[in-house]
Number of protein chains: 2
Amino acid sequence: MSTSADRHVVIVGGGFAGLGCAQRLADQDDVRVTLIDRNNYHQFQPLLYQVATSQLAPSDIAHSLRSVFADQKNVDVKLAEISEVDLAARTVTSADGGRWDADVLVLAAGSQPNFFGTPGAAESAFPLYSLDDATRLRSRILGIFEQADRDPKLIERGALNFVIVGGGPTGVEVAGAIADMISVTVPATYEDLDAGAAQIHLLDYGDALLKPFSDEAHGYVAKVLEEKGVKIHLGTGVKEVGTGHALLSNGSTIATRCVIWGGGIKAAAVAAEGGLAQGRGGRVDVSGDLTLAGHEGVYVIGDIANIPEAGAGSLPQLGSVALQSGHWAADNILADFEGKPRKPFVYHDKGIMAMIGRGAAIAEVGKRHHEIHGQLAHMAWLGVHASLMTGTKAKIEAFVDWAWDGFSKSGGPHVLDRGDAAEIDWDKDVVVSQSAQS
Amino acid sequence: MSTSADRHVVIVGGGFAGLGCAQRLADQDDVRVTLIDRNNYHQFQPLLYQVATSQLAPSDIAHSLRSVFADQKNVDVKLAEISEVDLAARTVTSADGGRWDADVLVLAAGSQPNFFGTPGAAESAFPLYSLDDATRLRSRILGIFEQADRDPKLIERGALNFVIVGGGPTGVEVAGAIADMISVTVPATYEDLDAGAAQIHLLDYGDALLKPFSDEAHGYVAKVLEEKGVKIHLGTGVKEVGTGHALLSNGSTIATRCVIWGGGIKAAAVAAEGGLAQGRGGRVDVSGDLTLAGHEGVYVIGDIANIPEAGAGSLPQLGSVALQSGHWAADNILADFEGKPRKPFVYHDKGIMAMIGRGAAIAEVGKRHHEIHGQLAHMAWLGVHASLMTGTKAKIEAFVDWAWDGFSKSGGPHVLDRGDAAEIDWDKDVVVSQSAQS
């Protein structure tokens, strides 16, 4: 039972970092924790692209934060969007009048999409960083299929053109998943839709997809995606996004009603609060022990933090970095309380992995490179992700969905929410795709 | 493989009736079917209250219509909202320009909530007739819990008062389920919320809950609900619904941010099209063989139809009536095509059943009355519903959710969608509950 005499840790954000920190502090004596998030659930971000492509239901990857901590009486969950941070007072406030005073403040508010000022992108592109993003994109994709199925003339106007900006894991995974929808699900379920007319364009300004992977992996990813029909445009970005088109950096225009933004992220807005020093991507520069220099009792962890890597540079924005930084911060907080020295964060590299559509995955741990094929790819990948998952119930359900997929090609929750994303004004911003070279 | 020479059956509505009809016509020679619905999924209506109370996820009770008919090449699914019906030409059109010409037209458009002109009900009450309704109500209930957990003063202003209008299956089931949330889920997960302050009011103008059941059942239902803390107001309806109150027919006012409408249904708007004869609740009067007198090749089935009962009166609006009328209409359509006589619809009474919260159910088949308790109640009830379910995948998933519930009191997908229903202006329409008698 927690009392008012306990030390109060306030954690802003229930992603991997905040969740990891709260879990490590749960059931500790003389500590009470308030975990604040704008949603009442933790969203399992690595699987957002599966929700967007109707392979998983939103509830499969959303875990009620209250349920996660139902048995931990020293962890209290609050639904609020923090708008102001007072680092000196260690107080956070929400626009709707909430206020929390902390003995130790942990900022774990994550990231948001970074459109880099690209005209029209914030209005018309579909980012894929939150569960809301994923359900909106799902509605758009299914809305396109339904409407083009009823009116084949829309296909001539680019209805089945998909433009994916950014060749990182998000772009590669969603490109592979949409290609699979078009080659497997659509022919099985949309009888009147000419799936062969679909085009999937994957753009990246760099010289390879999945840049942090090895050269060997780069070749494999490109080969798998091209076999699935994805057109890869390297050294190419997007200059402008409209409701009905994307203008590429090479001057060509693609008619499309679906531009998916995997083009980058920046720190959550709260990072700009309270005079925090912001580094690359707006991330907050933290000390090696995850504290904020000059601010007693303030930790910054996960995607919102610019965490120095042992040696040089900073750690990448990965789920495993976030989770480990959350655990580590909790240990340092407990050390503070016991008057012991904090330890500098050491990241244990669990490797990187990406799923390139059905039956193909790529994993790299250090210098070791793995290409995984077929049903084994599904299972191996599921295992890695399951180890991150917090709720056993979700694990079972995700597995049921996943396993079922192997039996039923048309499986998956193809549920079209009635929302703005499904409603397309086909007469607005009508363009014909044109290449700059032609 | 269907050809253009096949006879074309157009079915409007993918509920139990339309789905039953399409399934019976699937794979029949020389017939092609177009099944039109405003959603791309079939919603399993008997379980809507479970979505509203976070026991099931929306995807558990939504079945993609395209997936259901993925292997039936003579059944084509279209997403459209039919706005006009030309009975003479057997043509239906949608506001967005869709048009379908039928050899046989089947109207199975279902029902919609009937507010009986109660002031404010359409604007402020929460009906529970569609999946959209259920997710909106879920957001409202969870939004209330979250906001009252942060600000206990809201409870004095009626935040935890729930008013349920109508003592039919919907009202009884949702009342029991909310009572269970408040006695089991809320104490386990909302540490700062005073669940004991909650009030659940169930109103019905009649003299018993679940009127079509036996007197013995009436007593049992009232006893179970009262033990759960539900206050039952018989002979009482609602005169006005505001954003912050309900004015009852006895003159008393209850402060509430959640009025749930189980007060009645009426036929879907399309019933008023084309000069159809409308009976009780706006339902379309049909002949005993489910055809529309005076209109060759038009069938009307399910909740939208006023189907005469052998003997006298008309059949109730039940899922089993709808499903059976769908199958029967299909058989009569095939008889038409073969030049054989149609048969008058005979309903096989499968009995009626209602779930009164966790661990208590009531079932009646003819004169036989069953009270079912504990885990058995869950299982028996699940079995009955599973027999109606169309998708095996959904069956497995719903079962996993259900079974899990027995182990984890805080289980269930307590996911709060960010939407209008969760946003409450607590300073608007502030009232204090007052009894007319005091």
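Spacing of the modelled spin labels on A:ASP101 and B:LEU234, each 7 Å from Cα toward Cβ, amounts to 5.5 nm.
Indicate the gyration tensor shape class of region B:59-171 (rounded, prolate or oblate), computed on the Cα atoms with a ≥ b ≥ c the square roots of the eigenvalues: a/c under 1.5 is rounded; otherwise a/b larger than b/c is prolate and the rest oblate. Show your work: numbers first, answer last.
Working: a/c = 3.20, a/b = 2.10, b/c = 1.53.
Verdict is prolate for region B:59-171.
Less than 5 angstrom separates the built amide H of B:ILE265 from those of B:ASN114, all sequence-distant by 5 or more or on a different chain.
DSSP loop chymotrypsin sites (Phe, Trp or Tyr not before Pro) in region A:58-121 with at most 13 other Cβ atoms within 10 Å of their Cβ, which ones? Before the final figure, lay out the partial values.
Working: sites: A:PHE69, A:TRP100, A:PHE115, A:PHE116; in loops: A:PHE69, A:PHE115, A:PHE116.
Filter output for region A:58-121: A:PHE116.
Take every pair of alpha-carbon atoms less than 8 Å apart whose residues are at least six positions apart; their mean separation over the length of region B:112-232 yields a relative contact order of 24 percent.
In order along region B:106-116, the phi-based Karplus estimate (6.51 cos²θ - 1.76 cosθ + 1.60, θ = phi - 60°) of 3J(HN,Hα) comes to 10, 9, 9, 7, x, 10, 9, x, 10, 8, 6 Hz; Gly and Pro are listed as x. Note on chain B: antiparallel DSSP beta bridges, both residues inside, total approximately 50 percent of the bridges counted. A point 7 Å from Cα along Cα→Cβ stands in for B:SER287, and the other copies hold the same point at 8.8 nm, listed in rising order. Only DSSP H runs of four or more residues enter the estimate; each adds -39500 (n - 2.57), and after division by the residues of chain B the mean residue ellipticity at 222 nm equals -8500 deg cm²/dmol. What the phi angles of region A:64-80 give under the Karplus curve with 6.51, -1.76 and 1.60, with θ = phi - 60°, is a coupling list of 4, 5, 5, 5, 4, 10, 4, 8, 9, 6, 8, 10, 10, 10, 10, 8, 6 Hz, glycine and proline written as x.
Dipole size of region A:1-159 about its Cα centre, with +1 on Lys/Arg Cβ and -1 on Asp/Glu Cβ: approximately 300 debye, rounded to the nearest 20.
Residues whose amide H lies under 5 Å from that of A:GLU84, counting only those 5 or more places away or on a different chain, are A:THR93; hydrogens are built 1.01 Å from N in the peptide plane.
Seen through its C-alpha gyration tensor, with square-root eigenvalues sorted a ≥ b ≥ c, region A:105-228 comes out oblate because a/c lies at 1.5 or above while a/b is not bigger than b/c. The same position B:VAL432 in the other copies lies at 7.3 nm from this copy, comparing label points 7 Å beyond Cα toward the beta-carbon, shortest first.
Among residues other than A:GLY275 whose Cβ falls under 13 Å from its Cβ, what is the net charge (Lys/Arg +1, Asp/Glu -1)? Walk me through the numbers on the way to the answer.
Working: positive: none; negative: A:GLU84, A:ASP86, A:GLU273, A:ASP285.
Computed value for this residue: -4.
Here's the list of aspartates and glutamates a cross-link from A:LYS239 could span, going by alpha-carbon distance under 19 Å and ignoring same-chain residues fewer than 8 apart: A:GLU123, A:ASP204, A:ASP207, A:ASP429. Need one word for region A:164-260: rounded, prolate or oblate. Basis is the Cα gyration tensor (sqrt eigenvalues a ≥ b ≥ c); a/c below 1.5 gives rounded, then a/b vs b/c decides. Taking the square roots of the gyration eigenvalues as a ≥ b ≥ c, region A:164-260 is oblate.
For the set A:LYS73/B:LYS223; B:LYS78/B:LYS340; B:LYS153/B:LYS211; B:LYS73/B:LYS266; A:LYS73/B:LYS211, the pairs lying more than 32 angstrom apart at their alpha carbons are A:LYS73/B:LYS223; B:LYS153/B:LYS211; B:LYS73/B:LYS266; A:LYS73/B:LYS211.
Label separation (A:LYS428 vs A:HIS348): 5.2 nm, computed from points 7 Å beyond Cα along the C-beta direction. Bridges between two residues of region B:170-259, per DSSP, are antiparallel at a rate of about 55%.
Computed extension gain for B:ALA293 through B:GLU226, at 0.36 nm per residue and net of the alpha carbon distance, reaches 19.3 nm. Backbone geometry of region B:239-250 corresponds, through the Karplus equation with coefficients 6.51, -1.76 and 1.60 at θ = phi - 60°, to 3J(HN,Hα) couplings of 9, 7, 10, x, 5, x, 7, 10, 9, 8, 5, 8 Hz, x marking Gly and Pro. Within region A:20-157, antiparallel bridges make up roughly 65 percent of the DSSP beta bridges whose residues both belong there. Arranged from fewest to most other beta-carbon atoms within 10 Å of their beta carbon, B:ILE356, B:ILE141 become B:ILE141, B:ILE356.
Taking the C-alpha atoms only, the angle from helix B:16-25 to the longest principal axis of chain B is near 30 degrees. Under 5 Å between amide hydrogens, built in the peptide plane, is the criterion, and for A:ILE200 it picks out A:PHE162, A:LYS231 among residues at least 5 positions away or on other chains.
Bear in mind that the values in this text are calculations on the coordinates, not laboratory data. What you see is a predicted model; the values in this text were computed from it and never measured. Virtual Cβ from ideal backbone geometry, glycine too; neighbours counted across all protein chains shown.
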